[in-house]
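Right, one structure below, let's go through it.
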Amino acid sequence: MNPYPSDELLDLSQNSKTTAPNEDKQDAVLILSWEYPPNIIGGLSRHVYDLANNLVKKGKQVHVLTARAKDTLPYETVEGVTIHRVHPLHPYEENFFKWVFDLNQSFVQYAHELISQEKITHIHAHDWIVSTSAIKLKEFYSLPLITTIHATEHGRNQGIYTELQEKIHREEQLLAAASDHLIVCSEHMKEEVRSLFTFEAPIEVIPNGVELERLGQMTFDQSVDESRPYFFSIGRMVHEKGFETLIRAAALLKRDGHMVSFIIAGKGPMLEHYRQLVKNENLDDMVFFPGFISDEKRNGYLKNCLAVIFPSLYEPFGIVALEAMAFRKAVVASETGGLKSIVKHEKTGLLFQPDNDSDLFEILLSLLHEPSKSERLGEIGLKLAQSMFSWDRIADQTMNVYDDVLLHTKVEGLR
């Protein structure tokens, strides 16, 4: 299998290049994201969805180019956002890196037609999977490239250990170096990106947001009514989310005579491993992994839980922690990454040391002994979410980056 050739030009036909944008069209941004609702793999999909919708509310024309998933339309406009979905050249390719390369080829081919018809003034890429198409479209059309780095391969794995990880890390470096402006979600991520990559572009911290109005209007699954108090957690079932710490803390609580439940929702490659671990530890009457759940079911669990726990070993930001705050729930989080920029211990939530089940056990014990503490922390957390992490504010910050990059590009063009 050939390596991922992002350092080679894709097959771009010079005849397809437009010499001038369609001047009667409104200025538009082209967002490249490999996932977009209803195709939701992780937090990136929700982030891009909320960003795109709120940019439209600000008057920005937005086109999203994304991978086409099963039962999705190839083209549609939702809430003012124009969504273009394409299959990779070989949709059933089993080699992940080749699949990514094929997706980027499809992105480039589709974007030629799109750019010839629309007045695209910016490209906004989200993470390394779209790096090749982002870089080639920037070079081919001389368009400014803004990149949001949501996480890094080094951070997810606490180092680079395999050939695949090295390839991904290299793609992240190429994308960072080619970008005209970088966006990260927290000061922690800003320092991480600076330490890992070489680039000249300015880097801006724009946090993830929470759509408070939409959450307030969402329906709840009324069937969520556990027979005993429970803690709730949700995330992709991967090692860096730290769910083993939560399982070990549950064992300590059971040993101490506290029969409280833990509901840990989400899908991912380690789901069956965690279910087996719970069974081996005789915790299957206490710790439950329901797998993927609907938004309505998630809201029901959030509404009725004692607190929401995020035991991540690596977490660039933690958007679900914000959503928990919006439900007036205490957030219990590991003191790592972007989580510690959201959660201030004993003020907007409770922090414990990553991978430390004893520390987590003590914090959960304090909430069981003092239930009013969870309510108090939840109220303060809601105020924080409202003041600092509204999508209206985040869309404004993003628009400012777009304007700054365009101005800088024009100034450079005059030199």
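Read the figures in this text as sums done on the coordinates, not as results from a lab. Quantities reported herein were computed from a predicted structural model and do not represent experimental measurements. For neighbour counting, all protein chains shown are included, and Cβ atoms are generated from backbone atoms with ideal geometry for every residue, glycine included.
Below is a table of values for the structure above.
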quantity: Condition met for Val401 (in contact (Cβ under 8 Å) with a residue 24 or more places away in the chain, of a type in the set (A, V, I, L, M) and out of contact with any Pro (no Cβ under 6 Å at 6 or more places or on another chain)); calculated: yes
quantity: Whichever residue in the stretch 121-158 is within 19 Å of Tyr49 (Cα to Cα) and of a type in the set (Val, Ile, Thr) and, among such residues, is surrounded by the fewest Cβ atoms within 10 Å (Cβ to Cβ); calculated: Ile129
quantity: Flag for Leu283 being touching a helix residue (DSSP H, G or I) at 6+ places or on another chain (Cβ under 8 Å), of a type in the set (A, V, I, L, M, F, W, C) and under 20 Å from Ala333 (Cβ atoms); calculated: no
quantity: Boolean, Leu182 is assigned to a helix (DSSP H, G or I) and not acidic (Asp, Glu); calculated: no
quantity: Single residue of Ile149, Ile115 found to be of a type in the set (A, V, I, L, M) and under 23 Å from the mean Cα position of the chain (by Cα); calculated: Ile149
quantity: Test result for Leu350, in contact with a strand residue (DSSP E or B) (Cβ under 6 Å, 6 or more places away or on another chain), farther than 30 Å from Thr147 by Cβ and free of Cβ contacts under 8 Å to residues at least 60 places away in the same chain; calculated: yes
quantity: Criterion: within 24 Å of Pro371 (Cα to Cα), of a type outside the set (S, T, N, Q) and in contact with a His (Cβ under 6 Å, 6 or more places away or on another chain) - qualifying residue of Leu283, Leu351, Leu339; calculated: Leu351
quantity: Residue match in the stretch 126-133 (condition: more than 19 Å from Glu240 (Cβ to Cβ), hydroxyl-bearing (Ser, Thr, Tyr), in a helix (DSSP H, G or I) and in contact with a Ser or Thr (Cβ under 7 Å, 6 or more places away or on another chain)); calculated: yes
quantity: Scope the stretch 56-105; condition of a type in the set (Gly, Ala, Ser) and within 21 Å of Trp391 (Cβ to Cβ); matching residues; calculated: Gly59, Gly80
quantity: Strands (runs of 3 or more DSSP E) wholly inside the stretch 27-103 containing at least 1 residues that are crowded, with 17+ Cβ neighbours inside 10 Å and in contact with a helix residue (DSSP H, G or I) (Cβ under 7 Å, 6 or more places away or on another chain); calculated: 27-32, 61-67, 81-86
